[in-house]
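Below: one structure, written as structure tokens.
The values are calculated or read from the model by the stated rules, or taken from the named source; none is laboratory data. Here the structure is a predicted model, which means the values were calculated and not measured. With ideal geometry, Cβ positions are generated from the backbone for all residues, glycine too; neighbour counts draw on all protein chains shown.
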Number of protein chains: 2
Amino acid sequence: MVRKLTDSATDRSETSRLVEAIGRLLPALERFNRYDGPDPAARDRERWQDRLNQPLPEHGSGLDDVLSELAEVVIPHGLRNGAPGFSGWVTTAPTTAGTAASLAATVAGSQRWWLQPFNYLESVALRWLADLLGLPSSWQGTFTAGGSSANLVALGAARQQAFERLGHDPARGGLPSLPARIYASTEVHHVVIRAAAVLGLGREAVVGIPVDAGGRIQLDDLRRILEEDRSAGVVPVALVATAGTVNTGAVDPIAPMADLATEFGSWLHVDGAYGLFGRLDERVAALYEGLERADSAVVDPHKWLATPMGIGAVFVRDRSLLGRAFTLEPAAYLEGAVDSEADISSPFDSFGELFHDFNLDQSAPSRGAVVWAVLREIGADGMRQRVRRHNDFARRLAELVGADERLELLAAPTLSICCFRYRAPGIDDATLDRINAEISHRLRAETPYVPSSTRVAGRFAIRPCYINPRTTLNEVDGLARSVREIGDRIANEQGVLKSA
Amino acid sequence: MVRKLTDSATDRSETSRLVEAIGRLLPALERFNRYDGPDPAARDRERWQDRLNQPLPEHGSGLDDVLSELAEVVIPHGLRNGAPGFSGWVTTAPTTAGTAASLAATVAGSQRWWLQPFNYLESVALRWLADLLGLPSSWQGTFTAGGSSANLVALGAARQQAFERLGHDPARGGLPSLPARIYASTEVHHVVIRAAAVLGLGREAVVGIPVDAGGRIQLDDLRRILEEDRSAGVVPVALVATAGTVNTGAVDPIAPMADLATEFGSWLHVDGAYGLFGRLDERVAALYEGLERADSAVVDPHKWLATPMGIGAVFVRDRSLLGRAFTLEPAAYLEGAVDSEADISSPFDSFGELFHDFNLDQSAPSRGAVVWAVLREIGADGMRQRVRRHNDFARRLAELVGADERLELLAAPTLSICCFRYRAPGIDDATLDRINAEISHRLRAETPYVPSSTRVAGRFAIRPCYINPRTTLNEVDGLARSVREIGDRIANEQGVLKSA
């Protein structure tokens, strides 16, 4: 006897009605995208938290209810990191082309495999990115979920090379018991340090080399420590050059580091998650000399290229090495199901161009289609213009700061970050730190200008990072003006100017 | 002098026009979603490949052109893994609620941080998932890019515990030189093996324990090897129970493995990327007994819950341990920029609820908002119904197979996978393998039924895995009928039946 079904024959979920459902969200999204009026998210937080703080529903409320909640409660209080005045951290919101391509990939390309355009565009987009950035076309590229995993993949390949040279295959046999280190400046991004933790080298294996006044790794110190470690028998897993630190945008000296990597038999990795696109500005392109001599490089399309969040990329010189480090063993349920390419009549007859042996994912969405869409829209020269404009923003801000006696430049811009602070005569650094922290707070509370902040040589710095395609000169000038005005106001309130 | 800009003041990218732009894609997406007619992707591949195989454009072609290419070239040839007849691998296409929420998150929640609903819904969705699956609410959950990274995170926590007990902090100081192993059945998913490679333990550290006829780990063998290894001083990093193997859907005996983990002082990890949702079917729920005694568990919302691709989840019992394994060091440009919670007037005054210390990402999209939307639409009982229905599909197919002398069941369904093959009297296994591979090929070429295949006890098996909410009984019955018909046809063509 063949069974009857115990439950209803159709699923509760709506699987069609896309035009209607998405159509209902679009006005709310377009309204959100205008970033009109003050940001209501913090002000109304009790209201939307109460509304969303529900237990798991036993009975679903259906698609219409979900769309209403999204349109009325969630989206209007969304994250305004794409607003023109937002220049915080290294994050922005996507442009329309990337958003559209991402939706297309969600619906029609929900795996990056098989013989179909969302697979094919992975390769096209990686080729375009490499071409744009001047990376050798022979390097193996792969998209990742972001810069953190991209750096992990690059350093996993570095680990593979370092120990293979000593006769070990760490991916197969595990890490041998040998002291091993990664060399980076003290400005290295902390995801590199976590990558060392994940890879079994340990966070302490990342040696923090001091930086010069410009935030670049001190080559003398690097050489000295490499020599000491060579004498001590330490395996040099990788030198990490940061091409655009997140604090000040400094670019480590890549070519001299490539020389050192060669001399000491180490891998050279370039972390350009934020700043690799900086190479497109010919005025600073010389800072990237030697990039093609590196062994791996990372860039995040979800930063300066302003794709939707969740797209990093890593390029590695030695494809087979990368494969040995990250290969998945063949699986019957995968490879067993695919024919040779001789007779292809279905997209499922071929895996297409494969990337799951080169990174941390197996299933993954097509990130290539998104990068392709963004680059196709604006072209190489559109991206070059953006990078130059944003670098100009930082320089213009530095000049505004230099022209105002109450503002002080803390780090001259290399790329699109400008670190500065409010100052007034006779006020000590500790007080200035407090005042500038309060300025940052009031900027967020009272103005459309939302930079983030950092420390430069121990001092609290206001730190706009210009990667947002919506930002204009108005926001640059407005930030300088507001910092001055708010700073004066706080100084007066606190009476600190009287002692001057 | 304050500089003028060297380039145009506005970006080439379109950052508004969402209603119009997305609106132009929606008809193509809705048409795609109907999966009408034969799949054109393979047939037309030269055409769309030629069209897409372009060099990086120097000048962008603008948003309208991108939308046209997406609507006319890319989307119509997209991946039909959501078609009702598709039952391959463990993948499907998302439902409308998840697609809508994903679009909302792309535009209005492009980071999961800060005081805003897309952050808040990360916590809500993790709580809902834990509640749905019967996981203790005290466990720390975190979303990942998928099951591969989710398993890597869980095993990273296991590694942390194993070596901390011996006085080492592997995330801080690196892996000590001690033999260490992970114990899993030979049916374990290969991403677990890659995780061991990434973590520095090595792929060979994963011991493949034999399985019984039902595909479940042999407890006697597991105990024997654990005892041998204990005598040899091997560190038992983790036992891995697979809750729903990808080949046959087998569920390892969790409770006895929890006993062994306790006895041998090891971590118990449950990889339920595909099958943890199986617990919602009360007829098989007993197979999951002991789950709450595990130390970590993985489930992929982008599988059976049918969210958009790119959403895995991992839950770990010991929150602080997970933090020690994956913490990011504090960074001035992040933490330095955020006030105490005392005076919050901007969403950027607070990071909200943080997850970047518990996994591999720093920046990441809000995956919680998507899971929340899907669960809110269908509720716990909607998901229970789906799981029961899909498990019924596999059982019904097994009964159809049992009722047909030319079909042979190769693995009785545990969850929603049914492995079977065509057979005919007097044909040897090697010939049956060839015939069934050809049946699989013709199914893809000629019918709407696209299962994948695997090997069961060395035999080629046709392997539908029912997780697709669009699949109905018609596709189940149609697959059985088509395999029989195509099998008979091939057997006749090849004359293999004559010898019978």
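Residues in the stretch B:57-87 that are crowded, with 17+ Cβ neighbours inside 10 Å and not in a helix (DSSP H, G or I): B:PRO57, B:GLY60, B:GLY78, B:LEU79, B:ARG80, B:ASN81, B:GLY82, B:ALA83, B:PRO84, B:GLY85, B:PHE86, B:SER87. Within the stretch B:348-368, the set of residues being farther than 26 Å from A:ALA445 by Cα and in contact with an Asp or Glu (Cβ under 8 Å, 6 or more places away or on another chain) comprises B:ARG367, B:GLY368.
Can you name the residue in the stretch B:197-218 that is assigned to a helix (DSSP H, G or I) and of a type in the set (Gly, Ala, Ser) and, of all such residues, is nearest to B:ASN151 (Cα to Cα)? For the stretch B:197-218, the residue satisfying everything is B:ALA197.
Considering every residue within the stretch B:152-160, establish whether at least one is assigned to a helix (DSSP H, G or I) and free of Cβ contacts under 8 Å to residues at least 24 places away in the same chain.
There is no residue in the stretch B:152-160 that is assigned to a helix (DSSP H, G or I) and free of Cβ contacts under 8 Å to residues at least 24 places away in the same chain.
One residue stands out in the stretch B:36-50 among those that are surrounded by fewer than 19 Cβ atoms within 10 Å (Cβ to Cβ), part of a loop (DSSP other than H, G, I, E, B) and not acidic (Asp, Glu): the one that is nearest to the other protein chains (Cβ to nearest Cβ), namely B:ARG43. Do you know which of the residues in the stretch A:54-87 that are of a type in the set (S, T, N, Q) and within 7 Å of chain B (Cβ to nearest Cβ) is nearest to B:LEU132 (Cα to Cα)? Per the stated criteria, the residue is A:SER61. Taking the conditions exactly as written (within 26 Å of B:ARG384 (Cβ to Cβ) and under 31 Å from the mean Cα position of the chain (by Cα)), does A:VAL66 satisfy them or not? For A:VAL66, the condition - within 26 Å of B:ARG384 (Cβ to Cβ) and under 31 Å from the mean Cα position of the chain (by Cα) - is met. Restricting to the stretch B:110-139, name every residue that is of a type in the set (Lys, Arg) and more than 8 Å from every other protein chain (Cβ to nearest Cβ). Answer for the stretch B:110-139, where residues must be of a type in the set (Lys, Arg) and more than 8 Å from every other protein chain (Cβ to nearest Cβ): just B:ARG112.
Just checking, does the stretch A:444-455 include any residue being more than 19 Å from B:SER110 (Cβ to Cβ), among the aliphatic types (A, V, I, L, M) and either more than 9 Å from chain B (Cβ to nearest Cβ) or touching a residue at least 40 places away in the same chain (Cβ under 8 Å) (or both)? For the stretch A:444-455, residues more than 19 Å from B:SER110 (Cβ to Cβ), among the aliphatic types (A, V, I, L, M) and either more than 9 Å from chain B (Cβ to nearest Cβ) or touching a residue at least 40 places away in the same chain (Cβ under 8 Å) (or both): absent.
Tallying residues that are small (Gly, Ala, Ser) and over 28 Å from the mean Cα position of the chain (by Cα) within the stretch A:406-460 yields 3.
Comparison of A:TRP139, A:TRP113 shows that the only residue that is assigned by TED's automatic domain parsing to the domain that holds A:HIS356, surrounded by fewer than 24 Cβ atoms within 10 Å (Cβ to Cβ) and of a type in the set (A, V, I, L, M, F, W, C) is A:TRP139.
A quick yes/no check of all residues on (1) at pLDDT below 95; (2) among the β-branched types (Val, Ile, Thr):
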| position | (1), (2) |
| --- | --- |
| A:ILE75 | no, yes |
| A:THR99 | no, yes |
| A:SER110 | yes, no |
| A:TRP128 | no, no |
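Scanning the stretch A:340-373 for residues being part of a helix (DSSP H, G or I), more than 7 Å from chain B (Cβ to nearest Cβ) and either of a type in the set (A, V, I, L, M, F, W, C) or over 25 Å from A:ARG317 (Cβ atoms) (or both) gives a total of 3. In the stretch A:256-272, the residues that are assigned by TED's automatic domain parsing to the domain that holds A:TRP139 form Cβ pairs under 8 Å with partners that are of a type in the set (Val, Ile, Thr) and assigned to a helix (DSSP H, G or I), at six or more places apart or across chains, as follows: A:LEU268/A:ILE254; A:VAL270/A:ILE254; A:ASP271/A:VAL192.
Only one of the numbered conditions (1) surrounded by fewer than 16 Cβ atoms within 10 Å (Cβ to Cβ); (2) at the interface with another protein chain (Cβ under 7 Å from one of its Cβ atoms); (3) among the basic types (Lys, Arg) is violated by A:ARG17, and that is (1).
Exactly one residue out of A:GLU204, A:GLU164 is of a type outside the set (A, V, I, L, M, F, W, C), surrounded by fewer than 24 Cβ atoms within 10 Å (Cβ to Cβ) and within 11 Å of chain B (Cβ to nearest Cβ), and it is A:GLU204. For the criterion of being among the polar types (S, T, N, Q), closer than 24 Å to B:ASP392 by Cβ and in a strand (DSSP E or B), B:THR242 passes.
Tell me, please, whether a residue that is of a type in the set (Asp, Glu), in a helix (DSSP H, G or I), in contact with a Lys or Arg (Cβ under 9 Å, 6 or more places away or on another chain) and modelled with pLDDT of 95 or more can be found in the stretch A:278-288. Checked against the condition, which is being of a type in the set (Asp, Glu), in a helix (DSSP H, G or I), in contact with a Lys or Arg (Cβ under 9 Å, 6 or more places away or on another chain) and modelled with pLDDT of 95 or more, the stretch A:278-288 yields no hits at all. No other residue among B:ARG172, B:ARG194, B:ARG181 is more than 29 Å from B:THR248 (Cβ to Cβ), at pLDDT 95 or above and not in a loop (DSSP other than H, G, I, E, B) apart from B:ARG172.
Just to verify a result, which residue in the stretch A:88-109, among those that are in a loop (DSSP other than H, G, I, E, B) and either at the interface with another protein chain (Cβ under 7 Å from one of its Cβ atoms) or among the polar types (S, T, N, Q) (or both), is nearest to A:ARG17 (Cα to Cα)? Filtering the stretch A:88-109 for residues that are in a loop (DSSP other than H, G, I, E, B) and either at the interface with another protein chain (Cβ under 7 Å from one of its Cβ atoms) or among the polar types (S, T, N, Q) (or both), the one nearest to A:ARG17 (Cα to Cα) comes out as A:GLY109. When the stretch B:440-488 is limited to residues that are farther than 19 Å from B:THR248 by Cβ, in contact with a Lys or Arg (Cβ under 9 Å, 6 or more places away or on another chain) and hydrophobic (A, V, I, L, M, F, W, C), the one that is surrounded by the fewest Cβ atoms within 10 Å (Cβ to Cβ) turns out to be B:LEU473.
Does B:ARG127 satisfy being without any contact (Cβ under 8 Å) to a residue 40 or more places away in the chain, surrounded by fewer than 23 Cβ atoms within 10 Å (Cβ to Cβ) and closer than 29 Å to A:ASP39 by Cβ?
Yes: the conditions hold for B:ARG127.
Could you please let me know if A:VAL192 is more than 8 Å from chain B (Cβ to nearest Cβ), over 30 Å from B:SER68 (Cβ atoms), under 17 Å from the mean Cα position of the chain (by Cα) and surrounded by 24 or more Cβ atoms within 10 Å (Cβ to Cβ)? In short, yes. Do any residues in the stretch A:294-321 that are crowded, with 24+ Cβ neighbours inside 10 Å have Cβ atoms under 6 Å from those of residues that are hydroxyl-bearing (Ser, Thr, Tyr) and outside any strand (DSSP E or B), where the two are at least six apart or on different chains, and which pairs are they? Within 6 Å, the pairs are A:PRO301/A:THR307; A:LYS303/A:TYR274; A:ALA306/A:THR92; A:ALA306/A:THR95; A:PRO308/A:SER102; A:PRO308/B:THR106; A:MET309/B:SER110.
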